[in-house]
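What follows is a short report on a single structure.
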Amino acid sequence: MGLAGLGWPQTASAEVLRIGRPLCHAVSRTVAADLGALPTFVCSGEPQGYQKGTLWLHAMLPPGADERDDLSLIVHSSRFDRLVVMFSYADGAVERQDVRSGDFGTHWRAGGQLAFRAPHRDVPLTGVTMRFDKVASAHLLRMRLVGRGEESTQTTGLATSIGAALVLLLAGAIYNASLAVAMRRQFSAWQAAWATCMIVWGACWSQLHLFFFPGMAGAISAQICTGLSCLAISLATLSAVTALEPHCVSRWLRRTALGLTGGVFALGIPLSLMRSGPIDKLGGVLGILVLANLVAVAFCIGQAWRRGSGEARSFAGAWAVPMLVLASTSFFDADAMFWGGGSQILVLFAAAWQTLWLSVAASRSHARLRVERDMARQAEAQAQELARRDALTGLPNRRGFVERVGTVLETSQGKGEVVALLLIDVDWFKSINDVYGHEAGDVVLAAIARCIAPYESSSCTVARLGGEEFAMLVAGLAGFELVRYADTLRQQIGGCEHGDVIGHRKVTVSIGIAETASAADFRALYRLADEALYEAKRGGRDQVAIRLLDAADPAADDLDQITLGN
């Protein structure tokens, strides 16, 4: 929307002033004196030899040029030491306004422009004369005559558009910098550096930095902008070329792109420091290098895309707009377009587009990585859970049971609760396998597990330890109440029907209990419960036997024994 608004054609009152049409020029080889007479102007040819002296530009206004509104002269600032603007009137009066490098006063405007308002008089304005001391290049100067009301509207619109573009770039720079820190991604770091460079360039070119650093007005800002533009092109190329997978781009093509980037940066540094000399010629060479660099990057992206690079698809969309903008500005004159913002405003919005596109692409990639990471973690958790569960019965296996028992023991002992370990062993299970087969035995074990599983709770942990042996760790039950609890479980298991696999044969279990009210580990409880289970087996099976762990000596023998069964 900002570009659409900037793209409206100039109104009829805006007149672009160019050397030779209708600007006439004159040159002083040395800086002219302030009170000297005006030189003789010529209206043909190109000015020469002005870089260490004074360049004069003069435009005659046609009759009635300022009748509709007071006029303002808009000069796009360049590298000069001093600019004096003289408005000539029909009565011979001349009004002077001037700025110096480092002091633009109230004349600077957003978009790299200087505004000089012609004072209103009762007589017509007949001409405008500009005096540039030590200007770097006459070809970099752009002047326009607009109405004063139009100047205010254009300045406000241009400042708003530039501010919006800089805010978008700032958001992209912060986001990519955070990605670079969080994910250790080299591409995001290069992209954040490029966006930051474009922010600084946009602030210097638009002169918004003069709010805070007014002494940087003029030549120093123009030189900084030249260096930053070359640095930005280098950073953008590095971010693109280094992000593409090495196997997707041929080595010679990658080296060509990086070599052209090095050439752009190497030529941009001396060009940014120059105040005189062949600036126009070097600028032309730099423009050719930039175009060649863009072509090389385009070939890198295209080759990587053909070879299946996912990053290349993101870069193709991101680089398409900046490439078209930079390429198009090399073939048509955009200086007078977009309220005087020219090609720079196009580049600024193209940079914002590229940053947003790559930020969205990085977000999608990051989201995809997070989904893959979450799925991997979920799969790992499921694998760990499966490793802790018995495949046949679905109950926790010995590993899972031991891990849970440790937590239950610690919690119960902290509360002072009695803890008991029940070992449950199927009677004569080997004969079931021998007579009916192992598949029938597995069905019996699964049925017993279904009887035990409902007892699982916060105070009871159940498991299949292996073979035909099951276990339960119960907290809060003691003595005869605990024995009746175990005997109820024994009777429930014995009442299960297995007619589908073993006919009317009854399946019974023996249960050994180890009870303790003191601190004990799983090994001590298991040893004692196994002894109790042996007593139940020896007593005739299908019984419950219990042993109590001595509070004073965990390794001592049982103090009491209760046996309950058929």
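Listing for the model above:
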| quantity | calculated |
| --- | --- |
| Nearest 10 degrees, 0 to 90: helix 342-387 Cα axis against the chain principal axis | 10 |
| Net charge dipole size for segment 398-565 [Lys, Arg +1 and Asp, Glu -1 on Cβ; Debye, nearest 20] | 280 |
| Amide H within-cut-off set for T126, under 5 Å, with H built and near neighbours excluded | S88, Y89, A90 |
| Whole-Hz couplings from phi, Karplus 6.51/-1.76/1.60, listed for segment 292-297; x for Gly and Pro | 5, 5, 4, 5, 5, 5 |
| The chain: relative contact order in percent, alpha carbon pairs under 8 Å with at least 6 residues between | 10 |
| Pairs of alpha carbons in the chain whose separation is greater than 42 Å (percent) | 52 |
| Principal-axis tilt of helix 148-183 within the chain, Cα atoms, nearest 10 degrees | 30 |
| Summed side-chain charge close to V426 - residues other than V426 whose Cβ falls under 9 Å, Lys, Arg +1, Asp, Glu -1 | -4 |
| Under the Karplus curve 6.51 cos²θ - 1.76 cosθ + 1.60, θ = phi - 60°, whole-Hz ³J(HN,Hα) for segment 432-437, x wherever Gly or Pro sits | 5, 5, 5, 7, 9, x |
| Kirkwood-type radius of segment 155-370, with distances r between different C-alpha atoms, in Å | 17.9 |
| Cα-derived Rg over Rh, computed across segment 398-565 with Rh taken as Kirkwood radius | 0.98 |
| Gained length - Q384 relative to T40, 0.36 nm times residue gap less alpha-carbon distance | 114.6 nm |
| Counted charge near G476, where neighbours are those whose Cβ lies closer than 13 Å (Asp, Glu -1; Lys, Arg +1) | -2 |
| Summed residue charge, Cβ within 13 Å of P39's Cβ, Lys/Arg positive, Asp/Glu negative | +2 |
| Between helix 398-415 and the chain: long-axis angle, C-alpha atoms, 0 to 90°, nearest 10 | 90 |
| Cα convex hull of segment 409-496 - mean projected area over all directions, nm² | 6.0 |
| Other-chain or far-sequence residues with amide H under 5 Å of I19's (modelled H) | none |
| Within straight-line cross-link reach of K506, lysines at Cα separation under 28 Å, skipping those fewer than 8 residues along the same chain | K430, K537 |
| Distant alpha-carbon pairs in segment 96-205 (separation over 18 angstrom), percent | 65 |
| Positive-end residue, segment 155-370 charge dipole about Cα centroid, Cβ charges, pick of I224, V325, L235 | L235 |
| Computed [θ] at 222 nm, helices only, for the chain once each DSSP H run of length n ≥ 4 contributes -39500 (n - 2.57) | -17000 deg cm²/dmol |
| Inter-part distance where segment 91-168 and segment 436-512 are each reduced to a Cα centre, Å | 95 |
| In order through segment 197-207: 3J(HN,Hα) via Karplus (6.51 cos²θ - 1.76 cosθ + 1.60), integer Hz, x for Gly, Pro | 4, 5, 5, 5, 4, x, 5, 6, 5, 6, 6 |
| Segment 197-274: chymotrypsin sites (Phe, Trp or Tyr not before Pro) in DSSP coil with no more than 12 other Cβ atoms inside 10 Å | F212 |
| Rg/Rh (Cα only; Kirkwood hydrodynamic radius) as it applies to segment 120-160 | 1.07 |
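Each reported figure results from applying straightforward, stated rules to the coordinates on display, with no laboratory input. Everything numeric here is computed off the predicted structure, so don't read it as measured data. Methodologically, a virtual Cβ is constructed for each residue, glycine included, from the backbone with ideal geometry; neighbour enumeration extends over all protein chains shown.
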